[in-house]
Amino acid sequence: MTQAETLAGVVSSLADFDPNALPVALAREAIERFITPIDSLEVVPLRRALDRVLARDVISPIDVPAHDNAAMDGWAVRHADLDSDSPKAFDPIGTALAGKPFTGGVAANQAVRIMTGAVMPAGCDTVVMQELVTTEGRRIIIPARQQQGQHRRLRGEDLSIGKTALSAGRLLGPTELGLVASLGVADIPVQRRLRVAFFSTGDELRSIGEPLDPGCVYDSNRFTLIGMLTRLGVELIDLGVVPDSPQALEAAVRDASRQADAIVSSGGVSVGEADYTRDIMNRLGEVAFWTIAMRPGRPMAFGRIGQASYFGLPGNPVAVMITFLFFVRDALIRQSGATPRPVLPVSVRSTMAIRKKAGRTEYQRAIAQIGQDGVLQARLTGSQGSGVLRSMSEANCLLVLRHDQGDIASGDIVEAMLFDGLI
């Protein structure tokens, strides 16, 4: 979408969009269509580019590999000299090593000992595995039925000069760093890091190190957000705990919108909570308040304040993590200029009955493991209350019970999202 488009315009184009009973899929679609990627690059040394977003295509300046070479240890020969029906004797005339090519000529019925990665000798087009070759005096015997061109890697087989090696928007992992290094490229253009401001709201919250008054709790949400945001490689702007007052909230949001590309808050978006939240957000920008058909994490706010995207998450600790994982995570990756890589679900067998109300998506904390029959199975971690953070810590996956699903019987196959790669 373009910066000129409004959230209301995006929402109006979605069929059956009801902010008071919004399916997860529609909420994700609205967020995806409203997010605008940043476009501000910097050039960094390749060794510092891990987990950065590629800002421009990488075009190969060389052929990879630069020469025809051997794919394994063996003997390089001319296929035309081989016999298709019976073994054939060859005269060894030298050796080709990786980095030290054989420079002589190869005549009929001659063979060159060759190592993996070594340049193919001129005129040779086939490599015979050393395990297949026998010796007979000073000669070697190559068996019949060798395929022309076998075990040979061709020049430019991986990449040829001028071809796109990596496309802009790619998140650079260890494999991508190795690929760029194979091209001899030392510096690489990446998007600047997305700046994300975050804060918690609530008079009952205390920061670590402060005494707990009656009815107060320590603010855990900022620390789960710190962990999840750090995993995304963004630049963190921690605005701390914001009291439940219009003045404090407005000041925090204004401050965040001046510094950041995205704002994430926790608390203060539920129905019945401070009424000024909605007024302040809509006065400062365009923000919609939704009731998502999900558990945990029903209330959520989303929009734009100034130039910054805004995500208002619930206050309960588990609800914060779930809404971040399924709404904020991919949005921030997309805003960073990357294309989110899907976290692939797996099928697991539930070892217990689970009560489930159709008409909402539920995310149940569970432990997945291989059963005695070799089938992946899962059991719940216990209480699924949105304030029970310990059960999230004990889990290694989330069971994703779809919008239209009802009760789950023991033994039913359900969808799970493993935490490995997710958080």
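Coordinate-derived values only; no laboratory data. Worth saying up front: this structure is predicted, and the values here are computed from it rather than measured. Please note: Cβ atoms are built from the backbone with ideal geometry, for glycine as well, and neighbour counts cover all protein chains shown.
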For the range 187-196, just list the computed ³J(HN,Hα) in residue order, Karplus coefficients 6.51, -1.76 and 1.60, θ = phi - 60°, integers in Hz, with x standing in for Gly and Pro.
10, 9, x, 10, 5, 4, 5, 5, 9, 10
Mean separation of Cα contacts under 8 Å, 6 or more apart, over the residue count of the range 268-409: relative contact order %:
22 percent
Order of C124, C216 under a 10 Å beta carbon neighbour criterion, fewest first
C216, C124
If each residue's Cβ is checked for other Cβ atoms within 10 Å, how do T230, T323, T6, T126 rank with the fewest at the top?
T230, T6, T126, T323
Computed [θ] at 222 nm, deg cm²/dmol, the chain (DSSP H ≥ 4; -39,500 (n - 2.57); rounded to nearest 500)
-5500 deg cm²/dmol
Reported to two decimal places, what Rg/Rh ratio describes the range 27-184 when computed on Cα atoms with Rh from the Kirkwood expression?
1.22
For the range 307-316, what does the Karplus curve 6.51 cos²θ - 1.76 cosθ + 1.60, with θ = phi - 60°, yield as ³J(HN,Hα) per residue in whole Hz, taken in order and with x for Gly and Pro?
9, 9, 6, 10, 10, x, 9, x, x, 5
I'd like the distance between the alpha-carbon centres of the range 312-366 and the range 205-284, rounded to an integer number of Å.
21 Å
Exposure proxy check on S391, S336, S245, S383: fewest-to-most Cβ neighbours within 10 Å is S383, S245, S391, S336
Each residue of the range 92-101 in turn: what ³J(HN,Hα) in whole Hz from Karplus with 6.51, -1.76, 1.60 and θ = phi - 60°, glycine and Pro shown as x?
x, 10, x, 9, 10, 10, 4, x, 9, x
Just to be sure I understand, if you calculate Cα Rg over 2.2 N^0.38 Å for this structure, which of [x] 1.37; [y] 0.94; [z] 1.14 do you get?
[x]
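Loop only per DSSP, at most 15 neighbouring Cβ atoms within 10 Å: give me the trypsin sites (Lys or Arg not before Pro) in the range 230-330, ordered by residue number.
Counting only loop positions with at most 15 other Cβ atoms within 10 Å, none of the trypsin sites (Lys or Arg not before Pro) in the range 230-330 qualifies.
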Would you mind calculating the relative contact order of the chain from Cα pairs under 8 angstrom and at least 6 residues apart, reporting the percent as a whole number?
16 percent
Specify the angular offset, from 0 to 90 degrees and rounded to the nearest 10, of the alpha carbon long axis of helix 246-259 from the longest principal axis of the alpha carbons in the chain.
20 degrees
